[in-house]
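Each remark here refers to the structure printed beneath this line.
The values are calculated or read from the model by the stated rules, or taken from the named source; none is laboratory data. Remember, it's a predicted structure, so these values are computed and weren't measured experimentally. Neighbour counts are summed over all protein chains in view; Cβ atoms, including those assigned to glycine, are modelled from backbone coordinates with ideal geometry.
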């Protein structure tokens, strides 16, 4: 793989599921987008696999990758992050759809004051948070009442925080 290829995290492998090589996934991308990716990579070891099967279960997403046929095979993937080439990402409209990594580096503004820069987006069981690095590092839930808008042109995120939030 060319070292200049840009990879984007799209899922975390939680654990093996069943006996036939399937794994339980925590998706970091939209399921419909996930199903379109032609190949996946793991940075920690050589892994260039195609998705064979995805099942939606009541407790999450289960996937099977080519070449993985046993629970032992699946166990070797436990805790790994799946990546895809950035060029394979589905284009988003950037109004109300975007990838979490696209927010990294944007300034976070509250009441005309710059709080800092988005260092990364964190996913806690499907709840997204902005990690802001500045004078004081803070986490802000990425939800509509707190995040007013993302100004892509000026590379800013405008937030409206409750009184006392920054003192926590």
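Take the residues in the stretch 113-161 that are touching a residue at least 12 places away in the same chain (Cβ under 8 Å) and out of contact with any strand residue (DSSP E or B) (no Cβ under 9 Å at 6 or more places or on another chain), then tell me which one is surrounded by the most Cβ atoms within 10 Å (Cβ to Cβ). The selected residue is 152. Counting only strands (runs of 3 or more DSSP E) that sit wholly inside the stretch 78-167, those with at least 2 residues that are out of contact with any helix residue (DSSP H, G or I) (no Cβ under 9 Å at 6 or more places or on another chain), under 28 Å from residue 16 (Cβ atoms) and at pLDDT 85 or above are 81-85.
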